[in-house]
Amino acid sequence: MRMVKGTPASESQKGLKSSLVSQNYFLPCSCSADRDMEVILPDAANFRFSTSVVSVDLLTSEIVRLRLARPSGFQYHPGQYITLYNAEGTGRTYSLASTPVLDPFLELHIRLVPNGIVSSWVHKQLTVGDTVSISEAIGNCFYMADNPDQSLLLVGTGSGLAPLYGIVRDALHHAHQGIIKLYHGSGTMAGIYLQQELNQLAKNHNNVEYTACVSRISQATELDAGVVHGRATAIALQHNPRMSGWRAYICGEPKMVNDTSRALFLAGVSLKDVYSDPFIHSKP
Amino acid sequence: MSEQSLYDQIGGEAAVDAAVDIFYRKVLADDRISQFFEDVDMERQAAKQKSFLTVAFGGPNNYTGKDMRDGHAHLVTRGLNDSHFDAVMEHLGATLKELNVPDELIAKAAAIAESTRNDVLGR
Ligand SMILES: Cc1cc2nc3c(=O)[nH]c(=O)nc-3n(C[C@H](O)[C@H](O)[C@H](O)COP(=O)(O)OP(=O)(O)OC[C@H]3O[C@@H](n4cnc5c(N)ncnc54)[C@H](O)[C@@H]3O)c2cc1C
Ligand code: HEM
């Protein structure tokens, strides 16, 4: 359960991940009420906000960057996700790549899924000025400033870069001191985006390292400078074979997320330090 | 003074937290049993492994024999048997040893885990 008014007793938060604690989640079985509180069930996050499209542009041939005006009172951590509803009320979840202190808008990276209801609508129909409806932000995959010296590993495939982009900028905004290594994977060069911005971040901050990984290449493929051939997880493990004490963020295709979580755990990352968002989609 | 429970003697929740990673790494690295954990959602593992260890340490939990039976039934159809159970027992003992838990407490924890054998194996 999550308290929306008041602060839970620390006893009732024992054993919860830091990201849940910071959002006032608690275990009702070990919480005694010595004062008034207001609580909601997880995923009861059903406030809807109406907002408008600030910009829609292509980042690659298959990924659109959608910016929405940030509604007043809309609170979030970069890396959390919202549900975006089309005119018929069909909703899909998308991760927040923007950060509230640095950006006046909400930014989403939306990959076009062939015949996908919501992604096609975003790619083909949405234009600047349109009104859309979104839910409040939920999810535990975000930066926490509880250990500024911890090494961070961020692994994402495809539009799984969206939450990671939010998280890395949020960490830097909090003056994170430990190293931050970001591995972005894609099947082809067409899925690699925000390279310039990320290379710039790495240049400006000597604790940031960015590696783009492309797994399928043919002889004709031209890899940009700094792009590595291979799968993001494999390259990350090759560069960092032992990761005890690290915290990891993993986002994107569900099987990749589960396999990577397991591989990082076996490489020393503690289960409680693995934060992930599998981009689960509807069954065909 | 009343005698402390095994769970408290081993070190309660802190001991479970310390044991979770060590135990589960051993399980996943063991080719005899890792196949049963292949499609298990990693995100929820920390909580599940904690439940397992809490049961084994005789700590506070609401699991019944029927829960253990139902929870492992899909594994029994995939061939879960005594040899796999023995492997898990081995890792439990080795984990507690690594955490310097005294032998007599390890023996007690092993006896509790052992008592679930027929339920886990659906007999
Ligand atoms: C926590 C979370 C965060 C997410 N964040 C993002 C994000 O930041 N960016 C983003 O682009 N997506 C994200 N997703 C995925 C997103 O919510 C939708 O699932 C996706 O956009 C497809 O929706 P759709 O309506 O276009 O397709 P649908 O109409 O739902 O699906 C159309 C058809 O395509 C199939 N399909 C859908 N997705 C895939 C896929 N990936 N691979 C193969 N087949 C597929 C479906 O099974 C169906 O048959 C996230 C998902 C979750 C759970
Ligand atoms: C030694 C006695 C055992 C005990 C006390 C025990 C206890 C538990 C508990 C409490 C859970 C969590 C259920 C939940 O909350 O979801 C669980 C899940 C599980 N156990 Fe066991 N277990 C035992 C033996 C085994 C063995 C021998 C195997 C296989 C080799 C096994 C494989 C699993 C798996 C794969 C799950 C997760 C199931 C899923 O999420 O799909 N267990 N066990």
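Enumerate the amide H contacts of A:Gly185 below 5 Å, restricted to partners 5 or more residues apart or on another chain; note that Pro and chain-start residues carry no placed amide H.
Close amide H contacts, sequence-distant or interchain: A:Gly156, A:Thr157, A:Gly158, A:Cys213.
Over chain B, what relative contact order in percent results from Cα pairs under 8 Å that are six or more residues apart?
Working: 93 pairs, mean separation 45.9, N = 123.
It comes to 37 percent, rounded to a whole number.
Please compute the modelled spin-label separation between B:Asn61 and A:Ile280, points set 7 Å along Cα→Cβ, answer in nm with one decimal.
Each label point is offset 7 Å from its Cα along the Cβ direction, giving 2.4 nm.
Chymotrypsin sites (Phe, Trp or Tyr not before Pro) within region A:196-280: which are DSSP loop residues with at most 15 other Cβ atoms inside 10 Å? Before the final figure, lay out each step's value.
Numbers: sites: A:Tyr210, A:Trp246, A:Tyr249, A:Phe265, A:Tyr275, A:Phe279; in loops: A:Trp246, A:Phe279.
Answer in residue order: no site qualifies.
With 25 Å as the limit, write out which pairs from B:Lys50/B:Lys108; A:Lys203/A:Lys255; B:Lys66/B:Lys97; A:Lys181/A:Lys272 have Cα-Cα distances beyond it, or answer none.
Working: B:Lys50/B:Lys108 18 Å; A:Lys203/A:Lys255 32 Å; B:Lys66/B:Lys97 30 Å; A:Lys181/A:Lys272 19 Å.
Pairs exceeding 25 Å: A:Lys203/A:Lys255; B:Lys66/B:Lys97.
May I ask you to derive the relative contact order of region A:152-278, considering only C-alpha pairs under 8 Å and at least 6 residues apart, and to give it as an integer percent? Could the numbers behind the result be given before it?
Details: 217 pairs, mean separation 34.8, N = 127.
In percent, rounded to a whole number, it is 27.
Given 37 °C and 0.692 mPa s, how large is the Stokes-Einstein diffusion coefficient of region A:94-166 in µm²/s, with Rh as the Kirkwood radius over Cα pairs? Please list the in-between numbers first.
On the way: Rh = 14.5 Å.
The calculation lands on 227 µm²/s.
How big is the gap, in Å, between the Cα center of region A:236-262 and the Cα center of region A:52-109?
26 Å
Would you please name the trypsin sites (Lys or Arg not before Pro) within region B:37-115 that are DSSP coil residues with at most 15 other C-beta atoms within 10 Å of their C-beta? Walk me through the intermediate numbers first.
Working: sites: B:Arg44, B:Lys48, B:Lys50, B:Lys66, B:Arg69, B:Arg78, B:Lys97, B:Lys108; in loops: B:Arg78.
Here the sparse-neighbourhood loop sites are B:Arg78.
Show the residues, 5+ positions off or on another chain, whose built amide H is closer than 5 Å to the amide H of A:Asp130.
Residues meeting the amide H criterion: A:Val53.
For the protein assembly as shown, which whole-number percentage of the solvent-accessible area (1.4 Å probe, protein heavy atoms only) is attributable to carbon and sulfur atoms?
Of the solvent-accessible surface of the protein assembly as shown, carbon and sulfur hold 52 percent.
Please report, in Å, the Rg and the Dmax of region A:148-202, where both are computed over Cα atoms only.
11.4, 34
Roughly how much accessible area, to the nearest 100 Å², goes out of reach of solvent when A and B pair up, both sides summed, probe 1.4 Å? Present the calculation step by step, with values, prior to reporting the outcome.
Values: alone 14030 and 7220 Å², together 20010 Å².
Using a 1.4 Å probe, the pair buries roughly 1200 Å².
Please tell me the relative contact order of region A:48-135 in percent, rounded to the nearest whole number, where contacts are Cα pairs under 8 Å and at least six residues apart.
On the way: 175 pairs, mean separation 34.3, N = 88.
In percent, rounded to a whole number, it is 39.
Can you bin region A:69-196 into rounded, prolate or oblate? Criterion: square roots of the alpha carbon gyration tensor eigenvalues sorted a ≥ b ≥ c, rounded for a/c under 1.5, prolate for a/b above b/c, oblate for the rest.
Numbers: a/c = 2.31, a/b = 1.42, b/c = 1.63.
Judged from the Cα gyration tensor, region A:69-196 comes out oblate (a/c at least 1.5, b/c at or above a/b).
Pop out the ³J(HN,Hα) list for region A:252-269 in order, Karplus 6.51 cos²θ - 1.76 cosθ + 1.60 with θ = phi - 60°, rounded to Hz; leave Gly and Pro as x.
For region A:252-269, the Karplus-derived couplings read x, 4, x, 5, 4, 4, 5, 5, 5, 4, 5, 5, 5, 4, 5, 8, x, 6 Hz, x marking Gly and Pro.
Shape verdict for region B:11-120, please, from the Cα gyration tensor: rounded (a/c under 1.5), prolate (a/b greater than b/c) or oblate. Let's see the in-between values first.
Numbers: a/c = 1.42, a/b = 1.30, b/c = 1.10.
Here region B:11-120 falls in the rounded category.
Per 20 Å bin, what percent of the C-alpha pairs of the protein assembly as shown does each bin hold, from zero upward?
24, 52, 23, 1
Just the accessible area per residue of the protein assembly as shown, please: how many Å² with a 1.4 Å probe?
Numbers: 20010 Å² over 407 residues.
With the other protein chains kept in place, the protein assembly as shown gives 49 Å² per residue.
With n ≥ 4 as the cut-off for DSSP H runs, can you work out [θ] at 222 nm for chain B, using -39500 (n - 2.57) per run divided by the number of residues, rounded to the nearest 500? Mind dumping the intermediate values first?
Details: 7 runs with 79 residues, N = 123.
Rounded to the nearest 500, the figure is -19500 deg cm²/dmol.
Could you give P(r) for region A:48-135, binned at 10 Å from zero, as whole percent values over all Cα-Cα pairs?
It works out to 18, 58, 23, 1, in whole percents.
Counting other Cβ atoms within 10 Å of each Cβ, which trypsin sites (Lys or Arg not before Pro) in region A:182-249 have at most 10 and sit in a DSSP loop? Mind showing how you got there, number by number?
Numbers: sites: A:Lys203, A:Arg216, A:Arg231, A:Arg242, A:Arg247; in loops: A:Arg216, A:Arg231, A:Arg242.
Hits after loop and neighbour filter: A:Arg242.
Once you wrap a convex hull around the alpha carbon atoms of region A:152-278, what is its projected area averaged over all directions, in nm²?
Working: hull surface 29.1 nm².
Its average projected convex-hull area is 7.3 nm².
Give the longest segment of chain B that steers clear of GluC sites (Glu not before Pro) in DSSP loops with at most 15 neighbouring Cβ atoms within 10 Å, not counting the sites themselves. If you can, show how the numbers build up before the last one.
Numbers: sites that count: B:Glu3, B:Glu38.
Within chain B, the longest run free of exposed GluC sites (Glu not before Pro) spans B:39-123.
The values are calculated or read from the model by the stated rules, or taken from the named source; none is laboratory data. As the structure is a prediction and not an experimental result, all values here were calculated from the model. We place every Cβ from the backbone using ideal geometry, glycine too, and count neighbours over all the protein chains shown. Note: accessible area is taken over every heavy atom of the protein model, side chains too, but ligands, DNA and RNA are not part of it. Shrake-Rupley method; radii C 1.70, N 1.55, O 1.52, S 1.80 Å.
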